[in-house]
């Protein structure tokens, strides 16, 4: 996925990969999805009252990055 130069092709690869994993019912994948959903809920609670959708999107996209 990281070798693609086009965002559209990288996104297509990721979506296909995700779809394949979804039907395999891997415990680690399910745990990752549940953890990500929980992080998003926490971010949404913290952002209550803020109307900046782009900021929320940025926080969700960066929530899994390691701290510097």
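Read-outs: derived from the displayed coordinates by stated rules, not from any lab. Computed from a predicted structure; not experimentally measured. Note: ideal-geometry Cβ built from the backbone for every residue, glycine included; neighbour counts use all protein chains shown.
Restricting to segment 1-49, count the residues that are surrounded by 10 or more Cβ atoms within 10 Å (Cβ to Cβ), within 19 Å of residue 63 (Cα to Cα) and more than 15 Å from the chain's Cα centre (by Cα).
Number of matching residues: 2.
Can you run down the residue pairs with Cβ atoms below 8 Å, 6 or more apart or on separate chains, where the first is in segment 20-43 and in contact (Cβ under 8 Å) with a residue 24 or more places away in the chain and the partner is surrounded by 10 or more Cβ atoms within 10 Å (Cβ to Cβ)?
36/63; 36/64; 39/60; 39/63; 39/64
Just checking, how many residues over segment 48-68 are part of a loop (DSSP other than H, G, I, E, B) and more than 21 Å from residue 33 (Cβ to Cβ)? Give the derivation first.
Start the filter on segment 48-68 by keeping residues that are part of a loop (DSSP other than H, G, I, E, B), which leaves 48-52, 63-68.
Narrowing the set further to residues that are more than 21 Å from residue 33 (Cβ to Cβ) leaves 48-52, 67-68.
Matching residues across segment 48-68 total 7.
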